[in-house]
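Single-structure report; data block below.
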Amino acid sequence: MDKKKVGIIGAGVSGLAACKHIIDKGFNPIVFEAEPDIGGVWAHTLASTRLQASADAYRFSDFPWPVDLTDDMYPRHDKVLEYVKAYANQFDLVKCIRFNSRVVGIEYVGVDEEEMAVWDTWAGNGEAFGDGKKGEWHITVEDLKQGLGVTEVFQVDFVILCIGLYSGTPNIPDFPTKEGPEIFKGQVIHSMDYSNMADDMAFQFIKGKRVAVIGSGKSAFDIAAECARANGTEHPCTMVCRTKHWLINDSKIFGIDLSYFYLNRFSELLIHKPGQSFLASLLPTFLSPLRWAISKIVETYFKNNIPLEKHGMVPEYNFGHAMSSCQIARLPEGFYNRVEEGSIVLKKSESFTFCQEGVVLNGGDESIKSDLVIFATGFRGEQKLRNIFVSPWLQKLLAGSSNTTASLYRECIHPRIPQLAIIGYSSSLTDMYVSERMSNWVAHFLAGGFKLPRIRKLEAEIQQWEEYKRRYNGKDFRSSCVSAVNIWYNDMLCQDMGQNPRRKKSLIAEWFEPYGPADYANM
């Protein structure tokens, strides 16, 4: 086989998985990483961050955790980073990585955009490396060791983007003139800036300050908890929330892991799955009362065990929606104890602006005096992904619109962008799990294991997945979460690769045991 050149952008979890599986197929990929080390988001995270899923769910399929985690199934971020580095060392991946190499643009050359626009098969023939018309990607890389502006262009036959959605381009709200951060006398930073600080530096940075944290996701809760530990009731941390989410204190109810309710084949019988036949879709319709009942049981359990109602933090959406849209997370330890003692103050507000002394809630209803405001408002992952393309046409193709999801077949291939895959855009409750399955699929594709259907077919399947996401994820459909149908999704990948999608040892286990990474080892 002619050894084609494969470029991977990013050496986080997704990039390392892609590198490993592609090496297994006989390729010698080159990985570009802007940082001086591997790990992605795990290399820059809050001091208190722990795994949100248990370690047996957050692992590579063919590399068990090398330590006994029976007493710590939710290890700290430094232990996770050690595990990721051990994976890279085990499979000798570091030799493929160019560190301090920031990709500033990628450009497809050799085939013009007018020709690509009328193709009826992906890349001209449905194969990974196209139809032999010498289309290739040029990757412009800035050498951060040499200094700004020192670049080199690399030519590769296939690009795998593994740049993630949770870093790089912070999401900062827009404000009317003279109502934004510019009029505030204190400091304003994003959670990304805070996470990039060393642990002791971060502690000293917030120590003795009146901090307002804007946001209601996992990072907002973690930062508020860290501020409470640093300042106590002397300088309470105010957390300004607009949307309330299901942050829970345990992954079990009545001693039964939630995965038995949501992450096995039986649970997927309750879901209208994309591409399902009409007759098969009747079953989840008939079983919808059961799905509703499960959600209510879980919600009642957590409302009885966490003082959500007391503090006005009960979400307006059900628990099933939280699972299907990846909006579930673990509470920092003792969070509501901090609320009870007064070191964390929860404020619900639909909007806010700045004043000289702090932030103003709901158009003037209340002001919060602050020395420091931290935006825990997430990232604009789509913008980061889009901006890596030199061509405005490709940028527009990838961006889609605010009313559609990203058009990705099998959640990683755009029907009109040749010789390129995106891994890590679609998420699950354990992103390592879904990213590695994608990596495995892409590696088989590169090795000639299968061809893609015609573009018309690709687009029809993408539309089916979009309809599923709209149905179950509501206004959060663009999050591209596949957790509630993870097994269904993996079945499709297995079938493409010619692998048996049934991975359990018995019929009962097949239907009622949760699926996880270890089920897909050695594929």
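The values are calculated or read from the model by the stated rules, or taken from the named source; none is laboratory data. As the structure is a computational prediction, the values presented were derived from the model and not from experiment. Here the Cβ positions follow ideal geometry from the backbone for every residue, glycine too, while neighbour counts run over all protein chains shown. Keep in mind that these areas ignore ligands, DNA and RNA; they rest on the heavy atoms of the full protein, side chains included. Shrake-Rupley method; radii C 1.70, N 1.55, O 1.52, S 1.80 Å.
Taking segment 414-433 as the range and being under 21 Å from the mean Cα position of the chain (by Cα), closer than 19 Å to LYS384 by Cβ and of a type in the set (A, V, I, L, M) as the test, the residues that pass are LEU420, ALA421, ILE422, ILE423. The residues of segment 315-344 that are farther than 22 Å from ALA53 by Cα and either in contact with an Asp or Glu (Cβ under 6 Å, 6 or more places away or on another chain) or open to solvent by 30 Å² or more (accessible area, probe 1.4 Å) (or both), listed by number, are GLU316, ASN337, ARG338, GLU340, GLU341. Which residues, counting only those in segment 436-481, are open to solvent by 10 Å² or more (accessible area, probe 1.4 Å), closer than 24 Å to TYR317 by Cα and either over 19 Å from the mean Cα position of the chain (by Cα) or among the polar types (S, T, N, Q) (or both)? Scanning segment 436-481 gives GLN464, GLU467, ARG471, SER479. Scoring LYS185 on the criteria (1) touching a residue at least 40 places away in the same chain (Cβ under 8 Å); (2) over 30 Å from PHE354 (Cα atoms) leaves a single failure, condition (2).
Considering only residues in segment 291-334 that are more than 20 Å from LEU270 (Cα to Cα) and small (Gly, Ala, Ser), the one that is farthest from the chain's Cα centre (by Cα) turns out to be GLY312. When segment 147-181 is filtered for residues that are open to solvent by less than 50 Å² (accessible area, probe 1.4 Å) and without any contact (Cβ under 8 Å) to a residue 24 or more places away in the chain, only GLY147 remains. Restricting attention to segment 45-78, and to residues there that are closer than 23 Å to LYS218 by Cα, free of Cβ contacts under 8 Å to residues at least 40 places away in the same chain and in a loop (DSSP other than H, G, I, E, B), which single residue is nearest to the chain's Cα centre (by Cα)? Among those that are closer than 23 Å to LYS218 by Cα, free of Cβ contacts under 8 Å to residues at least 40 places away in the same chain and in a loop (DSSP other than H, G, I, E, B), it is LEU51.
Considering each residue of segment 403-413 in turn, at least one proves to be farther than 30 Å from PHE158 by Cβ and in the same structural domain as GLU467 (by the TED database).
Residues are listed down the side, and each one gets a yes or a no for (1) assigned to a helix (DSSP H, G or I); (2) aromatic (Phe, Trp, Tyr); (3) within 30 Å of GLU179 (Cα to Cα):
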position	(1), (2), (3)
LEU270	no, no, no
ARG291	yes, no, no
VAL298	yes, no, no
HIS321	yes, no, no
LEU346	no, no, yes
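Please work out if SER367 is of a type outside the set (Val, Ile, Thr) and buried (at least 17 other Cβ atoms within 10 Å of the Cβ). So SER367 fails the test. Applying the criterion of being crowded, with 16+ Cβ neighbours inside 10 Å, free of Cβ contacts under 8 Å to residues at least 40 places away in the same chain and of a type outside the set (A, V, I, L, M) to the residues of segment 268-290, the residue that is nearest to HIS321 (Cα to Cα) is PRO284.
On the basis of being open to solvent by 20 Å² or more (accessible area, probe 1.4 Å), within 29 Å of TRP119 (Cβ to Cβ) and outside the structural domain of ALA57 (by the TED database), does ASP519 make the cut? In short, no.
Regarding segment 134-146, can at least one residue be identified that is touching an Asp or Glu at 6+ places or on another chain (Cβ under 7 Å), aliphatic (A, V, I, L, M) and touching a residue at least 12 places away in the same chain (Cβ under 8 Å)? Checking segment 134-146: at least one residue is touching an Asp or Glu at 6+ places or on another chain (Cβ under 7 Å), aliphatic (A, V, I, L, M) and touching a residue at least 12 places away in the same chain (Cβ under 8 Å). I'd like to verify a number: residues in segment 358-376 that are part of a loop (DSSP other than H, G, I, E, B) and among the hydroxyl-bearing types (Ser, Thr, Tyr), how many? Selection size over segment 358-376: 1.
Could you grab me the full set of residues in segment 238-267 that are of a type in the set (A, V, I, L, M, F, W, C) and open to solvent by less than 40 Å² (accessible area, probe 1.4 Å)?
As a first pass, look at segment 238-267 and keep what is of a type in the set (A, V, I, L, M, F, W, C): 239-241, 246-248, 253-254, 256, 258, 261, 263, 266.
Selection gives MET239, VAL240, CYS241, TRP246, LEU247, ILE248, ILE253, LEU258.
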